[in-house]
Each structure stands twice: as structure tokens, then as C-alpha cells.
1. Anything in region B:39-60 that is on the phi < 0 side of the Ramachandran plot and within 12 Å of the chain's Cα centre (by Cα)? List them, or say none.
2. Being of a type in the set (Phe, Trp, Tyr) and outside any loop (DSSP other than H, G, I, E, B), is that true of even one residue in region B:102-125?
3. For region A:98-109, check the following and say yes or no: at least one residue is more than 27 Å from residue A:28 (Cα to Cα), open to solvent by less than 10 Å² (accessible area, probe 1.4 Å), at pLDDT 85 or above and out of contact with any strand residue (DSSP E or B) (no Cβ under 7 Å at 6 or more places or on another chain).
4. Based on this model, can you work out whether residue C:117 counts as basic (Lys, Arg), surrounded by fewer than 22 Cβ atoms within 10 Å (Cβ to Cβ) and closer than 27 Å to residue B:68 by Cα?
5. From the list A:82, A:64, which one is out of contact with any Pro (no Cβ under 9 Å at 6 or more places or on another chain), open to solvent by 10 Å² or more (accessible area, probe 1.4 Å) and β-branched (Val, Ile, Thr)?
6. Given the structure, is residue B:139 within 10 Å of chain C (Cβ to nearest Cβ), in a helix (DSSP H, G or I), farther than 19 Å from residue C:100 by Cβ and more than 25 Å from the chain's Cα centre (by Cα)?
Amino acid sequence: MQSFVLPYTAVLSARFRMILQYRAAAIAGFVTQIGWGAIRVMAMEAFYRSTSAPQPMHLEDVVTYIWLGQALLGLLPWNPDTEIRAMVRSGTVAYELVRPVNLYTYWFSRSMAFRLAPTFMRSIPLAVLALLFFGMQAPASPEALVYWLAATLGAVLLSTALTVILSITLMWTISGEGVSFLVSPVIYFLAGMVIPLPLFPDWAQRVLDILPFRGICDAPFRLYMGHIPATEAWAVLLHQLIWIVILVAFGAWLLSRATRRLVVQGG
Amino acid sequence: MPHILVDNIVKTFRIAQRRPGLWGALHGVLRREYRTIKALDRVSFELEPGELVGYIGPNGAGKSTTVKVLSGILVPDSGRCEIDGRIPWRNRISNAANIGVVFGQRTQLWWDLPVIESFDLLRDIYRIGSGEYLRARDELAALMDLEPLYDVPVRQLSLGQRMRCDLAAALLHAPSVLFLDEPTIGLDAVSKLAVRDFIKRLNRERGVTVVLTTHDMDDIEALSDRVMVIGHGRILSDSTLDDLRARVTRERRLIIDLLDEGQAIEDPDVTFISRSGNRVHLQFDPDRVPTAALISRITAKYAIKDLFVENPPIEEIISRLYDEHELR
Amino acid sequence: MANPLALYSHYVSISLRSQMQYRVSFLLGTLGQLFSTGVEFIGILALFDRFGSLNQWTLAEVAFFYGIVNVAFAVTDMLSRGFDHVGQLVRSGEFDRMLLRPRSTVLQLIGQEFTLRRLGRFGQGAGVLLWATLYLDIAWSPSVAALIVITVCCGACFFLGLFINIGTVSFWTTETLELMNVLTYGGIEASKYPLAIYHTWFRRFFTMVIPMGCVTYFPVVAILGRSDPLGTSLAFQYAAPLFGLLYFILSLFIWRLGLRHYRSTGS
């Protein structure tokens, strides 16, 4: 068992250590995200000042939502794995086929590290700062915290599955960027990073509920602040699980198509 | 007045010292510690118009720093330097219009574009009049057979083709000085010869002053009468190649492929250096024993498949030169 | 004989032809730009749908702010790619090549790439601007029309100044470059909304330290023909874009200092 998972955990931890080296970049990114969050909080404050009508979310919740979003920004599947991109560009991706491992699992592991490592660096200090000084609220209850953590794990898997798919699409477009250019702003938007999803019109909610992207940011965030009550947490987790299964299956299928194509055309 | 005058140029670099670990990184933010390196330590030389000089030395010795100072990229700490009466770093732009630079490792052409379009762009960058431009381009094209390459994107050129195009690109504006940095690196034998031939003609027929930095001793041997050796930022030697060799080492290498592996060669006039399989490296002094005499003596005595004589490699001359300078 | 403008247009035509070699990538990139600015605007629409107004600013007014800053920034974004890459160019030795040529480094860097796919942002911004103009009741006069043109031009110069700053900083360090994004992309994010909605410290910073408000807010108030909640005079609003221009000139000056540093240290 141990020797079976070893290659995957090894690539994960090697990647992790490498990304953690870039401390200065992490600090710079950290400051950037605080500035960015502050701008968005101020804009939302101004909107809330403009009306006295009841809204689907309180301002404090919106503020917490924004800071959670800033802290966990790195989890969003907005770009393909940069190492895989480099491999596709240089043509060395063919060597990946030679490795005695399941390529999908291998890429899934490395993409997970790619998503997690920079997020780890930034999220904790940013969240601490936001909690202390920028009006971010603590979790609504111990229960909410637990469900949020569970849903965040789901979000990581969901996001990784999407990242792998984005990386695989690189193998079809010559210049190696293509699809992610188009997809990333849409994912960003539909996950709730432009404005909190509950502020969208009611008719849009039904569509957003079906799509997988809500599970990456919006739903976990709202579990955290109790906006989605703990009693409904199972629905969020189930929604994530279904989409993880679908996206992993799709990703694995896509990769098998891509590798077959690579073998036939010789890269 | 010399064409290029370099007088007591000093250039030091400060290199930030990093300490390992997180604490070291923090420490570095508060108080940086520097180590200074003398890249050029009172370098002086003069070149007359039309000279072709080889400029050699190991990596990090100061070759490229010299070229950067002469081309106006770097400002030296002290010293005087003029090309055609211009101070390169103070008149960067007018100096740049008067010199050409070729880096063997990097092209100055635009990767995605057909060669001819890079040339056209250089015409505008260097403000070359269209009549002069066409004349220069056609002449260079004829010399190096470039016309078939005009429509090929640079990324599709072979290394040798690319180097020919790069040479032409550096000469379109008819510079009076050409700096060549490793112009034959990575080229196949035929291309090397072509490039050397072109450089020689350029120098002889048009009187372009050429400064050639290279690791390839054959380049130096084929092209330059004068060789400057730099090490640790100082000019260690400035003379003809033969003088340099004679001064540093008279020894030659004798390399023998034996028919029989077990054999050992013994001769009073040779010293043994190394052996791998049935190839034996020996060394001898041609002043003590004439090369022909030595060879006939050895071929008579031993069963030999092949045999050749070489000059010691440039690295060895340099390292001897170093030893010599550190001993003093 | 090529004057700077002729040389620049030569650079542009070359850059366009290189980009056209990767047509699919260009198309996807342009669409991606259109999408990523598009979703932002949809976010604004959703917020107005929810809140009705933003502190007495109407949707059309905010759209005008949004449009003008995006048009100005898109112009800069097409020109400024080279300055983003100074660190890379220095490391690869390409920058030394620029110094070997008898032309100014600024001209050569602007000539590095004419990033056509930014047309996506430009088109989107221009569309929104046009829509806002039709919808608003602007009191047209030659001076208002001139002010629009001046604002866009000075805005583009100002943003170019910011990018030149980024390039200058990378003569010293490339590790903290992401910090500069707070000023560029963060500034754009903030300028979508009128400066008046933000906190005092923020407004002061983006007026007195980084005069972004001078190209994205004050002149637009004059164009819209309404009184400024911040109480500035009409004369100041008309003069404000010049501070953007001034900032650009200052940036060029600082660039020269950076270049001097580079040429004396070679690092």
C-alpha cells in the first residue's frame, strides 16, 4: 500500500517545498491581496450605505465572505499547472507517459500541491490579520467551523480536478494557453469572487446551484458564517462530491484521449 | 590616435551576501553585507584601426565586462576609454551606432520573423539610409550566401545559418569596430570555417577592427595575430600567439593509439601524462628533440595504430599563465 | 531615416505579424480579456440590480467611470508589456542588447510588444463607455469632448508611468514585483467606482501620492456635469489630468535613475 501511494505523495511534498521557497513573492502577494480585499470591502460598504432595504446577506457577512475569498484565492482553478504547461511547450510531456504510475493520479497530486502550497503561505496570516483588524468574523459556531473545514477539503478536490482538466486541454492547443484564457474569468465569476453569489438576482441562483463552481468558494464560505445552516451542510458536501466524481471521471477520460493522441501523432 | 583606447579601467561589483535560512533573510533586509569583486583591475590596451585581436581568458575573468564597458552598457569606476574619440558610456547612443556586437549564444534577430524583416527593422533602429542599407545588405548577402535564407523565420535556421545572419545583422550599419563573443560556438566544422573566412575578409578587405573573445583556440590561430589574455581582471599577456606560447610553454602533446594495450612507452625525451585504454598522452619539448626525430624513433620501437601531435590546449596555457602570475 | 514614430510603427507591424502566427491563441486571448472585463461589469450590473444606486451615483454614471478607465488602461496595456518583463530581459541579457542599440531604452521597451489581445478590454470598455454616453444626459460642448480625449490620453500616460515604475523597480529586485499590482490592477479595480465612495485615507493616497484619481475621477465628474461630493472646483477637475501626465514624466526621470544604477552595477 505504502509503495503504491509513494510516488504521488513524493511529488506532492517536493512541489510543496519548492513553492514554499519563494517567501518574498509570498509576502508581496499577501500585501496585494489585502489591498485588493480592502478595495472590494469599501465598495460593498458604499453599496450597503445606499439602501435600507433588507438584503440576502448582512454587510458583516459580505465582509467576511470577501476576506475568506482573498485568503483562499489561491485555491481557485484559474490557471493550468505551470509545470505541466512548461512540459507541453517543450515537448517533454511525452516522458510523463513513461513513468510507472497512473498519470492522472500523478498529475492530480502535483496539481493539488500547486494549488495548496501558495495558498497555505498566504491564507493563514491573511485570515489572522483580517480577523483582527479588517472586520472579518469568526466562524458562526464550532459546528460551522467543522463543516467549513470539510467543505474546504471538498473545494480543494474540486479545484484540483478542474486544474487538471485545464492542464490537459493544453495538449490540444499549440501555444499552450488557449482554453484557460476563456475559462478562468468565468470560473472566477461563478465561484463568487467578483461579487458574493447570494447578491445575484434570484433567478440566477437556480443556475448557480446546479453548477460545480459554487462549491469552490461560495458554499464553504457561507457554511463558515452560518449563512448556510449546519443542518444543510450535507447538501453542500453531497453537491461537491457528485461534481468531484464527475470531474475526475471526465479528467481521466480526457487524459486518456490526450495521451492516445500524443502516442499516435508522436507529440 | 588609436582606434580603441583603454587606459587603467577599473570596475568592481558589489555582491550581496546572503545568509541561509529565515533568520538570514531577515538579517539581509536589515543590514546587507557585500563582497566586492574586481572584475577589471587597471586594464589597459590600445588597438589600431584594422587590428584583429583575440581576447581570451576563462569564464569570469573579465572578458565580457570589458566588452560591456567598451560598448557603453557599463560605466567603469575609473579609468579612461575611447572609441574613435568617443567615451562609450557617456555617448552610448552615438557609440552604439559605430560598433557591432555579435553574441554566439544569443541571436539579436527576431525569433518569429523571416530574416529579411529583422534586417529591415535594424535599418530603422540604426537609422540607415535606404540606399546604404540595400548596398550593405546585398554585399553581405553575397559574401555569406544569405539570400536563400531571407524568407526563413529565424527559429527555423540552423545554428550556422543563424550565425551568418547574425554577423550580417551586426554589420548592416557599417560599424568600424566589431565585437565577437564566441562566434563559432556550437557550429559544425564547415560553418566554423565559413565564419572564420568571413571575419578574416571583413578585417583584411574592409579594415574593420575586430575584438574576438572565444574559447576556441583554433579561432585564434586562424584569425588573430595578436592575443590578449585576461585573468582575475588583469591583462596577463598581450602579444602574438606564438610569443605567448613560447613564453608560457614550449611543450607539445604526443598522443599515441597503441595496437597492444599492455605496452608502456619509454623514451628519455617524453614525459607521461595520462593513459586511457590504449591511448597514451605524452609530452615533449620540441627544442630538446625535433618532432620528426621523436616520431620516427617511437614508431620504430613500438606497435602503433595512430599518432598525432597537438599544442597544449588553451586552458592549459591559461592555467600556466595563472600559476606563473600567482607565483610571482 | 527613421524617426522614433516611424520606428515605433515598424515595431508594431512586426509585433502584430508575430502574433498573427499564433492566430488561435490570439483569438482566445482577446476573448479571454473580453470575458474577464465582462464579468466585472456583469458584477456591477448585479449590484445595481440589488441596491439601485451607489451613494447617489447612478448605474450609467458608474458605467462611464468604468468605461473610461478601462479604455485608458487598455491602451497602456497594449504598450507596456516590455516594462513588465524588464527583470526577465535583464537576466536573459536581452536588456544589454537594447543598450547596444542607438535608441532610447524606453522606446525599445514599448516597441517590444504591441499586445493586440488587450483589444478585448478596450472593446469592452469602449462599449460600456458608449452605452453610458447614450444613456447619460451629457451637456456636450467642445470643451467636454476635448476633456474626454485628454482624460483618456493622460490616463494612458499615467498608467504607462506605473508600468515604467514596475520596470524600474526590477533593476533592484524582482521578488516583490507583485506588490506593484496593487497600484496597477488594484487601481483599475478601485477606479471602476467613483473615488468619492472610498475612505478618506484611500482617496488621499490615490490623489496625492499616486494621482490616479486625477485621471479617473475628477475630470469625469466634470464631464458628467455634476457637483463633486468631494467639493472640488470645475477648474481643478479640468486641470487634474495634467497631474497624470506629470506623473508619467516623473516616472521617465526615475527610469533614468534606475538605468544609471543598472549601468554602474550591472545587476
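1. B:52, B:53, B:54, B:55, B:56, B:58, B:59
2. Looking for residues that are of a type in the set (Phe, Trp, Tyr) and outside any loop (DSSP other than H, G, I, E, B), one finds at least one in region B:102-125, hence yes.
3. Yes, region A:98-109 contains at least one residue that is more than 27 Å from residue A:28 (Cα to Cα), open to solvent by less than 10 Å² (accessible area, probe 1.4 Å), at pLDDT 85 or above and out of contact with any strand residue (DSSP E or B) (no Cβ under 7 Å at 6 or more places or on another chain).
4. Here the answer is no, as residue C:117 does not meet what is asked.
5. A:82
6. Taking the combined requirement at face value, the residue does not satisfy it.
Per-residue answers, yes or no, for (1) closer than 18 Å to residue C:156 by Cα; (2) crowded, with 20+ Cβ neighbours inside 10 Å; (3) more than 12 Å from every other protein chain (Cβ to nearest Cβ); (4) without any contact (Cβ under 8 Å) to a residue 24 or more places away in the chain:
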{"residue": "C:197", "(1), (2), (3), (4)": "no, yes, no, no"}
{"residue": "C:206", "(1), (2), (3), (4)": "yes, yes, no, yes"}
{"residue": "C:219", "(1), (2), (3), (4)": "yes, yes, yes, no"}
{"residue": "C:244", "(1), (2), (3), (4)": "yes, yes, yes, no"}
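Yes/no per residue for (1) within 30 Å of the chain's Cα centre (by Cα); (2) loosely packed, with under 15 Cβ neighbours inside 10 Å:
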{"residue": "B:252", "(1), (2)": "yes, no"}
{"residue": "B:260", "(1), (2)": "no, yes"}
{"residue": "B:266", "(1), (2)": "no, yes"}
{"residue": "B:271", "(1), (2)": "no, yes"}
{"residue": "B:285", "(1), (2)": "yes, yes"}
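The values are calculated or read from the model by the stated rules, or taken from the named source; none is laboratory data. Since the structure is predicted, the reported quantities are computational estimates derived from the model, not experimental observations. FYI the Cβ positions are ideal-geometry reconstructions off the backbone, even for glycines, and counts take in every protein chain you see. Surface accessibility is based on the protein's heavy atoms, side chains included, excluding ligands, DNA and RNA. Shrake-Rupley method; radii C 1.70, N 1.55, O 1.52, S 1.80 Å.
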